[in-house]
1. Under 16 Å from the Cα of B:LYS209, which aspartates and glutamates turn up, not counting those fewer than eight places away in the same chain?
2. Highest mean first, how do B:198-211, A:24-37 rank when packing is the count of other Cβ atoms within 10 Å averaged over residues?
3. Would you kindly give the portion of the calculated P(r) for chain A that falls above 18 Å, as a percent of all Cα pairs?
4. Would you mind checking the stretch B:592-623 for residues with the amide N under 14 Å from a putative spin-label position 7 Å along Cα→C-beta of B:ILE713?
5. Average partner chain C-beta neighbours within 10 Å, per residue of B:665-676?
6. Count the net charge of all other residues whose Cβ sits under 9 Å from the Cβ of B:GLU135, scoring Lys and Arg as +1 and Asp and Glu as -1.
7. Can you tell me the Rg and Dmax of the stretch A:1-56, counting just the alpha carbons, in angstroms?
8. Tally Lys/Arg at +1 and Asp/Glu at -1 over every other residue whose Cβ is under 13 Å from the Cβ of B:ILE386; what's the total?
Amino acid sequence: MAKYTLNINGKKTQVEAEPDTPMLWVIRDFVGLKGTKFGCGMALCGACTIHVNGQPVRSCQTPVSSLKKNSKITTIEGIGNTQLHAVQKAWIEEQVPQCGYCQSGQIMSAVALLKAKPKPTDEDIDTYMSGNICRCGTYDRIRKAIHRAAAMV
Amino acid sequence: MSSINNKNVNRRDFLRYTSLSSVALILGIPNVKASDTAVISNLSDLEEAFNLNPFVMIEKSGKITIFNQRPEMGQGTFQSIPALIAEELGLSQEQFTIKQTGGEKHFGGGQWSGGSSSVRTDYMELRKVGAAAREMLIAAAAKQWNASESECYAKDAKVFHKPSGKSLGYGDLVETASKLNVPKDPKLKDPKDFNILGKSIKRQDVPLKVSGQAVFGIDVEVPNMVYASVERCPVFASKLKDFDKTAALKIAGVEQVVEVERVFYNYKTIGVAVVAKNYWAALKGRKALKVNWDYQGHENFNSKDFSQYLRDLAKNEGVVDKSEGDFDKTFAESNNKIEAFYETPFVSHSTMEAMNCTAHWKDDGKLEIWASTQVPGSVIEDLPAIFGIKAEDITLHTCFNGGGFGRRLAIDFIIEAVNLAKTIKKPVKLIWTREDDTQLGPFRPPTFSAMKGALSPDGKVAAFQHKVIAPTILSFMTPKEDRTKPDGTMVEGISHQAYEIPNMKNTMVFADNHVPLLWWRSVTSSTLAFAHECFIDEMAQKAGKDPLQFRLDMLTKESDTKRVLQKLKEVSKWDMPLPKGKGRGIAQWEFFAGLGGCVFEVTKQSDNSVKIDKVFIAIDLGTVVNPDTVKSQMEGCVVMGITAATQNGITFANGKAEQSNFHNNPVMRISEMPKVEVHILAEGGKTIKGVGEPGLPPIAPALANAIFAATGIRLRKMPFDLSNLV
Ligand code: FES
Ligand code: FES
């Protein structure tokens, strides 16, 4: 067991965990933020996507010990601060989610995409979002919502 | 009667409740009896709340709760079901909260989602529930004002008095209203006055799902909870011999290692559960286990042999599903006939949220469960017999389902968690890994189809046979399968297409199998339609006719199917020729859940691959509650249908599934998403058809038919690889 001080959504949190514990389980079960989801545990589905210093990472493949000190972690709960992020608003406008289980990960990837490419084309979206699986098949709406969000920010 | 002793629920309320529950029966909701009021768990925390019926609760403060009996798994029932009540009750969506029911007896037998049945079953019943409540509130207001009811109307959670403009909120009226008789035959709104039904209203679960707030089963947290992962034998129907837990117990956080039984109907296996302080420790502990299994000979099971076995069975005559005219004679005497054989694989459901359940077997013998399940009703009904517990001692919290697709119609993972909770006497969250979910079933059953067809001299279908060879889902649910007649689930739809065929004989050959099987979105329609509708295309080609016209020629009478095909013909511009290398394919399917059809447009690429350009999909509904939800379900059917047709499938070697996670059991990704155009046919009429499933069966055959049109390659085995068609 080791002690870690994590900066999650702007809040400092202390956790005690085995060094190899993936951030996915640290965030969900040690910190108690359940918006980040377990889908595959193998970096195949993107459901567990979080941001570390603004970069999207698969938290199921990120051991807590691998994070550099003072890394800024953002989860779905922290993406919008006081109000919903433009991407979340666009997601509501386009009524993207079906079961919704993949959507935290989709949104985290989309936010990162728009940071890297504020006006993405369909091809950009397809390339960037290909790591996120949606079994319910909301892909067409994800594309539309990303374009809508791009127009909003 | 145990839960009615709460001090806040007085005798009058109880009697009131009793009579209202019986009113629910009068309103036509099945299975609700006055005696069912023995469990009224929801009343215990309410001081001044009144239920005008079990589904609507109005508090004096004006807070209104509508109970949703249909679990939400992405199909939109969280919006569409309460909307049926809200519309009649004069509420807008912001004016009430929704509570998911947990199998409580007083909510009756409709507490499940599946078979595309929610809206079509509840459409009239729940509107009556809302209308009855509205009439009671209006009567209460009229009484208060000494006015006539006809001068009053309900809107926005208030009753208004037209002449004076006075109004009273529902909260102010509910005490009086709850003492009134419940109207037996409340007047329903005229659909032209609808504010919610038939409109693309935004779903209330969506804001929760974009902000990480929606609680899925896997998100539940209970004080002092532990976590578990279970090692189960990858070879089906094996027995546990022994195991060594020494290494597992050394992993930091691991608390104990115990046996646990999974019960999937009459398929029962024992696994080894590692219980730990956190899930990661449970996973590590599980890896450290040494377990010995007795495979019972099942280690020799493999897909190649099983396919051959099914092919060999095709020689058998089978039992007749439907016979019309004289197929045998017509086919034997024809000199213009064809035969073909179609195959489909085992398929996993792969819901994004893997199976999981949290259970707490308390010291007082009561049981509390938190789960994503499609069947809260069956959880409460089935557990008493398994665990010797009384139904009223079980509390179930139905969570949002991270996908269902039929997988969560079974409660094997719930029974497993309860078993474990009973052993360890602590609240425990048992989570399946993606590997467990992919490899351990239950799966969609593979169906093989032997097709025969003969053409008449004028190029019409003179004789047709669809023979299904398949293991059955039901064999896991009945002690002894009746093989003297076909299993309806396994021949779904093959004898119910609208095509007018003079000589037809559809049959089924039963196959033995030990790999757990279950319903999968649209069940066997998703496999049988592939064979059926591709073979119709094969016959069209043999007859030298256009595939769509060939179908219309078999539909001389007016029918829903004909309407769907004509719509597709129009919107896809079917009659406009495509350039060389491009092709269109069509298919339709009618079955218990409803009717859908689609046209695929594909382009052949220079490297033997095929690209899907566009999908036109039409669904025939009769009545639509939320067009946008229907549209999203159709988009979902396209994705799931293409995935099953071209990507995933489970094969077996040495008794085990060869696939384990999304890398070798892939599902479609965004880059593969074609353009989809949805057409909803809602012409009114008496029957309402289902939404969640009917879009799926025509996908695979329409795609395969389009590929044939573009390439000349006839695909008869799923999954087929779009990137390398030879
Ligand atoms: S759970 Fe991390 S990528 Fe799937
Ligand atoms: S919305 Fe269900 S998996 Fe994406």
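Read-outs throughout are calculated quantities, based only on the coordinates presented, and are distinct from any laboratory measurement. These numbers come from a predicted model, not from an experiment. Note that each Cβ is placed from the backbone with ideal geometry, even for glycine, and that neighbours are counted across all protein chains shown.
1. List returned: A:GLU77, A:GLU93, A:GLU94, B:GLU72, B:ASP219, B:GLU353.
2. Details: B:198-211: 20.0, A:24-37: 23.0.
The densest-packed peptide leads the list: A:24-37, B:198-211.
3. Working: 6335 of 11628 pairs.
That tail contains 54 percent of the Cα-Cα pairs.
4. B:602-612
5. Details: counts 0, 2, 6, 5, 10, 18, 9, 3, 10, 2, 1, 3.
Taking the mean over all residues of the peptide, I get 6.
6. Values: positive: B:ARG134, B:LYS187; negative: B:GLU149.
That works out to +1.
7. 11.4, 29
8. Numbers: positive: B:ARG262, B:LYS268, B:LYS390, B:LYS422; negative: B:GLU261, B:GLU381, B:ASP382, B:ASP412, B:GLU416.
Surrounding charge for B:ILE386 is -1.
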